[in-house]
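Following: one structure in structure tokens, then a few remarks.
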Amino acid sequence: MQVFHSVKEMQHCARHLKLQGKNIALVPTMGALHKGHISLIRKARIDCDVLIVSIYINPTQFAHGEDYMSYPRHLEKDMAKAAGEKVDIVFAPTDKEMYPPGFTTSVDVGELSARLCGAARPGHFQGVCTVVTKLLNIVHPDFAYFGQKDAQQALIIKKIVQDLNMEAQIIVLPIIRDKNGLALSSRNKYLNKYERKAALVLYKSLQAARRLIDTGERKSEYIKEKMQELIQKEKLAKLEYISICRYNDLNELELIEKNTLIALAVQIGRARLIDNYLVENL
Ligand code: PAF
């Protein structure tokens, strides 16, 4: 497995691979690799000739006062995991490489980034869009892989790729959960055993919503109320938002329809957790 820390070296290598006619897959990550990342890496491994995993904790996507400084950093462990999954290249750039002095550009998709998580995390999606645009421009992958847990992020990334005529095909893979239903996230590391139990309320409330929809309920307000009731019962949980919206423009819906996203963010201790359920068909 090769490891690059410099943008130039990564670019040079990717260009060379392209000239050789290789199919490249990129799995962008911020490290602290868990089974969710591994599911992306395994699918990508099957799809391509050369598998690149980027590991970069992008400072520009953390809003002021968020957990940038304490975000889990395990580069050595992550590289060992990547090697175990037969990753060909790890791209782990430094901040200076990604944002050299004088860097001023930012990529903004507009409205989509102001809703749901964007409302509470000003600048977050501009940071994500900017770094993902840079990664796609550095590597020029044929495929790039993201998790459905970050449903808004996945939608936004598809939008920048479409709007900016980028060539990578964006592949979004299902949420991976632990045996109790907790969606895997690097931020789960912040939870103590009581908080971990409390965190199950996200999945439970989504399941309750799903059951209501399965039995014919269509009113978003009612479904939100039922979800809220469950979350309020959980003392360690502080609800940030529940959104029931169309999964293409993120506009709130009064009635559930095909392709409705039910998403929520809940603060539990130090961890801000998100989860969602996509109503694909009715
Ligand atoms: O989902 C993440 O881990 C990050 O937002 C990403 C896509 C790697 C960009 O920093």
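The values are calculated or read from the model by the stated rules, or taken from the named source; none is laboratory data. Bear in mind that the values here come from a model prediction, so they are computed numbers and not experimental data. Heads up, the Cβs are rebuilt from the backbone with ideal geometry, glycines too, and the neighbour counts pull from every protein chain shown. Quick note on the areas: whole protein, heavy atoms, side chains included, nothing else; ligands and nucleic acids left out. Shrake-Rupley method; radii C 1.70, N 1.55, O 1.52, S 1.80 Å.
Suppose every Lys and Arg Cβ carries +1 and every Asp and Glu Cβ carries -1, with no other charges. What dipole size does the range 14-169 come out with about its Cα centre, to the nearest 20 debye?
Dipole magnitude for the range 14-169 comes out near 340 debye.
To the nearest 20 debye, what is the magnitude of the charge dipole of the range 189-282 about its Cα centre, counting +1 on the Cβ of each Lys and Arg and -1 on the Cβ of each Asp and Glu?
Dipole magnitude for the range 189-282 comes out near 640 debye.
Calculate the dipole size of the chain relative to its Cα centre from +1 charges on Lys and Arg beta carbons and -1 charges on Asp and Glu beta carbons; express the result in debye to the nearest 20.
920
What whole-number value in Å² describes the accessible area per residue of the range 81-160 for a 1.4 Å probe?
39
Could you work out how much longer the chain between Thr215 and Arg177 gets when fully extended? Use 0.36 nm per residue separation minus the Cα distance between them, nm to one decimal.
Working: separation 38, 0.36 × 38 = 13.68 nm, distance 2.45 nm.
The span from Thr215 to Arg177 would gain 11.2 nm if fully extended.
How high is the relative contact order of the chain, given as a whole-number percent (alpha carbon pairs under 8 Å, six or more residues apart)?
With pairs under 8 Å counted, the relative contact order is 17 percent.
How big, in percent, is the set of alpha carbon pairs in the chain lying more than 29 Å apart?
34
Once neighbouring chains are kept in place and the probe is 1.4 Å, which whole percent of the accessible area of the chain is contributed by carbon and sulfur?
It is 51 percent, rounded to a whole number.
Using the Cα centre of the chain as origin and beta-carbon charges of +1 (Lys, Arg) and -1 (Asp, Glu), tell me which of Cys13, Leu282, Thr215 is placed farthest towards the positive end of the dipole.
Thr215
Largest first, what is the accessible-area ranking of Ile231, Ile46 with a 1.4 Å probe?
Descending order: Ile46, Ile231.
May I ask which residue of Ala154, Tyr241, Thr105 lies farthest towards the positive end of the charge dipole of the chain, with charges of +1 (Lys, Arg) and -1 (Asp, Glu) on Cβ and the Cα centre as origin?
Checking the options against the dipole of the chain, the answer is Tyr241.
Per DSSP H run of at least 4 residues, take -39500 (n - 2.57); add these up for the chain, divide by its residues and hand me the 222 nm value, nearest 500 deg cm²/dmol. Please list the in-between numbers first.
Working: 10 runs with 108 residues, N = 282.
Theoretical 222 nm ellipticity from helices: -11500 deg cm²/dmol.
Could you tell me the accessible area of Tyr222 in Å² (1.4 Å probe, neighbours in place), rounded to the nearest ten?
90
Helix 35-47 versus the longest principal axis of the chain: what angle, 0 to 90°, nearest 10, using Cα atoms?
Taking Cα atoms only, the helix is inclined about 50 degrees.
Relative contact order for the range 1-91 using alpha-carbon pairs under 8 Å, separation at least 6, rounded to a whole percent? List each step's numbers first, then the result.
Numbers: 115 pairs, mean separation 37.0, N = 91.
Dividing the mean separation by the residue count of the range 1-91 yields 41 percent.
Given just the C-alpha atoms of the range 76-201, how large is their convex hull per residue in cubic angstrom? Numbers along the way, then the final one.
On the way: hull volume 19.7 nm³, N = 126.
Expressed per residue, the convex hull around the Cα atoms of the range 76-201 is 156 Å³.
Pairs to check: Lys43/Lys258; Lys159/Lys224; Lys35/Lys219. Give those whose C-alpha atoms are more than 30 Å from each other in this structure.
From Lys43/Lys258; Lys159/Lys224; Lys35/Lys219, over 30 Å: Lys35/Lys219.
What relative contact order, as a whole-number percentage, does the range 131-273 give when Cα pairs under 8 Å and 6 or more residues apart are counted?
Working: 185 pairs, mean separation 27.8, N = 143.
Reported as a whole number, the value is 19 percent.
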